[in-house]
1. Could you figure out which of (1) closer than 30 Å to N157 by Cβ; (2) of a type in the set (A, V, I, L, M); (3) out of contact with any strand residue (DSSP E or B) (no Cβ under 6 Å at 6 or more places or on another chain); (4) modelled with pLDDT of 65 or more isn't true of A80?
2. What number of residues within segment 236-250 satisfy the criterion of being under 29 Å from R161 (Cα atoms), crowded, with 18+ Cβ neighbours inside 10 Å and touching a helix residue (DSSP H, G or I) at 6+ places or on another chain (Cβ under 8 Å)?
3. Hey, among the residues in segment 12-58 that are over 30 Å from E260 (Cα atoms) and in contact with a Leu (Cβ under 8 Å, 6 or more places away or on another chain), which one's modelled with the lowest pLDDT?
4. What are the pairs, 6+ residues apart or on separate chains, where a residue within segment 145-165 that is under 20 Å from M52 (Cα atoms) has its Cβ under 7 Å from a residue that is crowded, with 20+ Cβ neighbours inside 10 Å and of a type in the set (S, T, N, Q)?
5. So D120 clears everything in (1) closer than 25 Å to N251 by Cβ; (2) at pLDDT 95 or above except one condition, right? Which one?
6. Does any residue of segment 66-73 turn out to be surrounded by 12 or more Cβ atoms within 10 Å (Cβ to Cβ) and either under 30 Å from T150 (Cα atoms) or free of Cβ contacts under 8 Å to residues at least 12 places away in the same chain (or both)?
7. With respect to T229, is the statement that it is touching a helix residue (DSSP H, G or I) at 6+ places or on another chain (Cβ under 8 Å) and of a type outside the set (G, A, S) true?
8. Considering only residues of segment 57-89 that are over 21 Å from the mean Cα position of the chain (by Cα) and assigned to a helix (DSSP H, G or I), which is farthest from L245 (Cα to Cα)?
Amino acid sequence: MSQEEAKEENKTNTEKKPEKVEKGDETEEVEEGNWLPLESNPEVLNDFARRMGLPEDYAFHEVFGFDEETLAFTPQPVLAAVLLFPSSKNIKAFKAKQRVDIEANGQVLDNSLFYLYQHDNIGNACGTIAMIHCLSNSVPLSDGPLSTFTKSTKDMNWIDRGWALLKAKDIQEVSDETAASEANQTDTPERTDDTDGHFIAFVQKSGMLFELDGRKKFPINHGETSEETFLHDVVKVVKEKFMALEPNNVNFNLMTLSQEQAEED
């Protein structure tokens with residue numbers, strides 16, 4: 001599909017009439033999708049990930065600080081990370097310039113990356129999509145909804161994968177149930193509420209650090225990394241390309257994915 005075709009398809013699909021969806025004893029009209037937002041909370045993310053097929057010896061952990069002493073408590077090696085950051089004007093402006101620079105100068109990508117686009121119709125699904133990007137690019141998934149989805153869409157482009165996710169009702173069901181579970185520390189927003197934050201993923205492929213943001217046209221290559229340096233490389237990107245733009249904003253949260261290491265005899 002060409003970019004022009006994708007734009008036209010996007011326009012056509014966003015003009016669809018709302019579908020009626022049952023919600024308890026009520027019937028409400030919502031646009032196709034309108035997923036509930038996930039909370040940036042390791043218990044919530046682990047619940048979602050397990051139900052997607054994450055093996056029991058893998059888990060997400062919260063990073064409580066970026067100084068060396070605090071980072072030392074983060075389970076290693078880190079395989080991937082999820083960042084929640086404020087959707088501020090400064091960050092949006094920087095990301096827009098970053099896109100222009102990459103389009104003008106090019107970048108090295110890895111064709112094995114599993115990447116999909118977040119269409120407007122899907123609502124507050126950025127957390128779910130960041131999790132899909134983390135899991136599908138970083139761990140051997142057990143049989144489950146995500147394994148089925150990645151296999152069925154492996155030959156699609158990123159635009160069509162985004163449309164396929166809209167139809168993946170099994171993934172939406174798990175995502176919505178997790179978003180509304182008792183593990184959440186805050187009240188679950190309404191489906192159509194605007195949220196102040198946005199989730200993205202960081203993964204490593206072929207010795208490179210990639211930022212995966214479902215709202216962007218392509219992954220972003222942040223340079224070389226390794227299993228040993230991945231956490232510090234991610235923190236460097238977060239501090240320099242996100243937090244530095246909003247130095248007085250505390251609404252940043254980083255979660256890391258790691259595998260439990262077997263104890264040596």
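1. Here A80 meets the rest and fails (3).
2. So the first thing to find is which residues in segment 236-250 are under 29 Å from R161 (Cα atoms), and the list is 237-238, 241-242.
Now restrict to residues that are crowded, with 18+ Cβ neighbours inside 10 Å: 237-238, 242.
Now drop any that are not touching a helix residue (DSSP H, G or I) at 6+ places or on another chain (Cβ under 8 Å), which leaves 242.
The qualifying residues number 1.
3. Step by step, filter segment 12-58, then rank; the result is E32.
4. Partner pairs satisfying both residue conditions: L146/S136; T150/S136; R161/T153; G162/Q118; A164/T153.
5. Failing condition for D120: (2).
6. In the first step, residues of segment 66-73 are kept if they are surrounded by 12 or more Cβ atoms within 10 Å (Cβ to Cβ); the result is 66, 71.
Retained after the next criterion (residues that are either under 30 Å from T150 (Cα atoms) or free of Cβ contacts under 8 Å to residues at least 12 places away in the same chain (or both)): none.
No, segment 66-73 has no match at all.
7. Numbers: touching a helix residue (DSSP H, G or I) at 6+ places or on another chain (Cβ under 8 Å): no; of a type outside the set (G, A, S): yes.
No.
8. Only one residue fits best here, namely E69.
The values are calculated or read from the model by the stated rules, or taken from the named source; none is laboratory data. Predicted model, so just to flag it, every value in this text is computed and none were measured. Glycine also receives a Cβ, built like all others from the backbone with ideal geometry; neighbour counts cover every protein chain displayed.
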